[in-house]
1. If residue B:538 meets every condition in (1) crowded, with 22+ Cβ neighbours inside 10 Å; (2) in contact with a helix residue (DSSP H, G or I) (Cβ under 8 Å, 6 or more places away or on another chain); (3) away from every other protein chain (no Cβ under 11 Å) apart from one, which number is that one?
2. Are any of the residues in segment B:511-531 buried (at least 21 other Cβ atoms within 10 Å of the Cβ), assigned by TED's automatic domain parsing to the domain that holds residue B:303 and either free of Cβ contacts under 8 Å to residues at least 12 places away in the same chain or touching a Lys or Arg at 6+ places or on another chain (Cβ under 6 Å) (or both)?
3. Considering only residues of segment A:83-118 that are basic (Lys, Arg) and out of contact with any Ser or Thr (no Cβ under 9 Å at 6 or more places or on another chain), which is nearest to the other protein chains (Cβ to nearest Cβ)?
4. Scanning for something farther than 22 Å from residue B:323 by Cα, within 14 Å of chain A (Cβ to nearest Cβ), surrounded by fewer than 23 Cβ atoms within 10 Å (Cβ to Cβ) and in contact with a His (Cβ under 9 Å, 6 or more places away or on another chain), does segment B:573-592 turn up at least one residue?
5. Looking only at segment B:253-266, decide whether some residue is surrounded by 14 or more Cβ atoms within 10 Å (Cβ to Cβ), within 14 Å of chain A (Cβ to nearest Cβ) and either within 30 Å of residue B:127 (Cα to Cα) or of a type in the set (A, V, I, L, M, F, W, C) (or both).
6. Identify, please: which residue in segment B:304-338 is under 14 Å from residue B:264 (Cβ atoms) and among the hydrophobic types (A, V, I, L, M, F, W, C) and is, among those, surrounded by the most Cβ atoms within 10 Å (Cβ to Cβ)?
7. Can you name the residue in segment B:352-378 that is surrounded by 20 or more Cβ atoms within 10 Å (Cβ to Cβ) and farther than 27 Å from residue A:114 by Cβ and is also nearest to the other protein chains (Cβ to nearest Cβ) among such residues?
8. Out of curiosity, is residue B:466 touching a strand residue (DSSP E or B) at 6+ places or on another chain (Cβ under 8 Å), among the β-branched types (Val, Ile, Thr) and in contact (Cβ under 8 Å) with a residue 60 or more places away in the chain?
Amino acid sequence: MSGTRKNAIKSIITALVVCLVAIAALAATTTKGNEGKGKFYYKQDCKQCHVKGAPGGELTPLSKTQAQWKAFFAKGKHPGDNQPLLKVKDMDEEKLNDIYTFLYNHAVDSPQPETCGK
Amino acid sequence: MRRFIHVFIAFLMLAGLEVWAQTTPPAGQSNTITPEEATQLRQEIDQLKKTVNVLEQKLEAQSKPAMPSEHVTADLASNYAELSTDMKDLEKRVSETEKSTTLDRVKFSGDYRFQVNTIWGNVPNYFNGLELQNYVVKSLFYAQVNGGAFPPSLAAINQAVTANPVLYQTFANNITFEQLKQAMASIPPAMQQQLFQMLLPATYTQGYSGHNALLYTNRLRLKFDAKVSDNISFTGRLSMYKVFGDSTGAQVFNGQTNSVTMDGTTSGVPSGDFLRVERAYFSWNNIGGSKFYLSVGRRPSTFGPPMNFREDDLRGGTPSGTLINYQFDGMTLGYNLNDNVHLRFCYGVGYEAGWGNGSLLILPAGSLKDTQFMGANLDLWTTDKTLIQVTYAHAFDVADGFNSLMAMNVNPVNGEKVPSNAVLRYTPSGNLGGINLAGLNLTRKQGPFDFYGSINYSGTSPNGVTTPFGGMMSDPFEKPVSQTGWMVLAGARYRFGNDDRSKIGFEFNHGSKYWFNFAQAEDDIVAPKTATRGQVYEAYFTHRLNEHFIFKADFQDYNYTYSGSGWMVGSPKKLSGNPILAFPTYQNAYNVNFSLIARF
């Protein structure tokens with residue numbers, strides 16, 4: 001390969017590396033929760049009241065859109081009894097964020113793998 | 001309370017009687033009340049009556065609801081009227097929304113991508129195989145016009161052609177590939193060697209470099225989903241993929257799989273501003289309450305795992321993307337054992353021999369068979385973090401090509417240059433045999449990393465047929481034999497701590513000499529990288545400017561060891577050894593591209 005091309009490739013790669021470093025350096029602290037943990041906490045803390053026949057009624061990630069989940073957690077209260085979500089037993093901010101991340105990422109309008117047989 | 005009042009009155013009366021009785025004089029004495037005493041008694045009785053009346057009124061008032069005041073009533077009436085109006089308005093709006101939702105039977109989504117590429121490539125030194133074939137045809141012509149004599153030199157061959165132009169054109173235009181094969185077979189091997197030694201030098205082409213400084217592309221994909229019934233869904237995707245400034249829909253064939261327009265690659269290879277149907281299928285789930293499902297149509301058979309990672313997207317197709325990245329029509333019978341295990345058995349047709357190929361014009365003996373696929377795609381374990389997938393496929397009666405549109409600038413039988421780039425419908429001319437494919441994919445999300453790998457096998461079972469482009473993994477005049485190939489791909493991706501918005505990934509794949517897969521629709525502008533008989537290194541960076549708008553930078557380094565990547569016809573040649581090639585091919589190539597992708 002000619003020297004000109006080698007230099008061009010080197011320049012492009014250098015520019016890319018600079019961009020990457022800049023973006024990494026400017027990376028904001030993560031606000032997203034841990035989806036995997038969120039799924040576990042949801043089953044552990046929320047499912048008892050949110051299955052069919054339970055007091056809170058059946059609720060799954062598919063029960064709301066992403067925008068609806070976002071609004072729900074922004075309000076931070078159960079609509080039925082107006083109790084703050086943080087008052088659920090053993091709940092804290094981090095757990096709540098994890099649960100929110102799980103529900104948001106699996107909402108009815110969230111991206112889904114594209115395989116047949118859904 | 002009322003009962004208490006009555007008892008109280010009765011008590012008072014009894015008390016009064018008791019008092020009167022107590023004042024009743026003993027027997028023998030008179031009981032005379034004085035007028036003053038009578039008046040006092042009457043006053044006391046009247047007072048008692050008034051008290052009783054008041055008590056009765058109070059009692060009655062307690063049993064009736066309190067009526068609001070006039071001011072409060074007016075407010076309540078006004079609020080009630082307002083609420084009533086709001087309720088009617090809300091009911092009307094909800095009704096309109098429900099109607100719209102019911103009539104809007106299709107949910108649309110999609111993406112648009114702008115991409116700019118810069119490509120460098122090096123073609124190695126090679127001998128032009130089609131020129132060689134042309135000289136062979138001319139040699140046979142020389143023999144014909146010289147009473148069967150063996151040509152003494154290349155100059156003598158050219159002179160014979162120049163001296164008999166009309167005769168030569170008739171000869172060249174009418175010779176068939178079978179006649180060419182028979183003629184070559186009739187020449188003793190030593191004479192064949194002598195002939196090629198005489199002709200080859202004239203076909204030598206010095207290696208060269210090519211550079212496409214800027215190649216812009218547009219890609220639009222419109223996806224739509226519809227619910228047919230509770231357990232039947234429909235999914236489709238229309239795709240337009242074009243380079244800036246071209247919408248002809250056909251390319252001049254240069255020997256690469258992405259220079260033909262064919263059924264399996266309309267969405268993966270730029271063709272023009274046509275909106276093609278990339279996928280359209282229904283899924284009939286939980287048949288009869290069972291775990292079986294049936295899906296029929298144009299399959300979701302592109303962007304399968306693990307080829308989705310560099311797209312910063314979820315799994316984009318069902319079969320392994322390293323084995324099958326090719327649009328085909330077919331069906332799947334699936335069994336969802338549970339949320340994590342899915343078993344699928346698939347069937348498809350890659351080439352339809354009885355339609356569009358003038359089949360009525362062909363005698364039964366010359367008719368070709370359809371090319372059909374059968375296979376299994378097993379998600380042995382799938383979660384949000386892990387995928388273990390096994391794929392097996394067998395292709396029956398693989399043809400020496402695909403129904404396709406291309407502009408051929410050379411006649412593949414006689415090797416003559418075609419004066420204009422006329423677009424023709426290429427139709428396969430022979431069934432070559434069967435191909436087996438198998439692969440194992442593993443993907444794992446671990447902390448901020450995604451690791452993925454794929455190992456794959458291919459094996460050919462030729463039936464001995466060869467055509468102008470060759471036999472299965474053999475040249476036109478060779479006898480095909482079974483060959484096996486393999487390919488490995490490994491990749492890793494790191495997700496930055498900015499809510500996974502930025503990701504950087506590296507991939508490497510290596511394919512052996514006889515490696516083959518059906519990945520002609522792979523999203524690589526140079527050539528499908530997983531088809532490479534050699535190595536490819538790729539580095540990519542994706543950044544979500546917002547959740548649905550993505551920037552991507554990509555660098556690919558192709559290093560071809562053998563020719564014919566992506567083809568099942570023709571014998572692979574080592575590119576570093578001055579090979580005989582029907583068409584030039586890159587020995588190495590680089591692609592740097594930048595993309596902006598809008599998902600909606």
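1. Only one criterion in (1) crowded, with 22+ Cβ neighbours inside 10 Å; (2) in contact with a helix residue (DSSP H, G or I) (Cβ under 8 Å, 6 or more places away or on another chain); (3) away from every other protein chain (no Cβ under 11 Å) is unmet by residue B:538, namely (1).
2. Yes, some residue in segment B:511-531 is buried (at least 21 other Cβ atoms within 10 Å of the Cβ), assigned by TED's automatic domain parsing to the domain that holds residue B:303 and either free of Cβ contacts under 8 Å to residues at least 12 places away in the same chain or touching a Lys or Arg at 6+ places or on another chain (Cβ under 6 Å) (or both).
3. Here the answer is A:95.
4. No, there is no match, as no residue in segment B:573-592 is farther than 22 Å from residue B:323 by Cα, within 14 Å of chain A (Cβ to nearest Cβ), surrounded by fewer than 23 Cβ atoms within 10 Å (Cβ to Cβ) and in contact with a His (Cβ under 9 Å, 6 or more places away or on another chain).
5. No - not one qualifying residue is present in segment B:253-266.
6. B:324
7. Checked segment B:352-378; the qualifying residue nearest to the other protein chains (Cβ to nearest Cβ) is B:353.
8. Taking the combined requirement at face value, the residue satisfies it.
The values are calculated or read from the model by the stated rules, or taken from the named source; none is laboratory data. Fair warning: this is a prediction, and the values are worked out from it, not measured in the lab. Cβ atoms come from the backbone with ideal geometry, glycine included; neighbour counts cover every protein chain shown.
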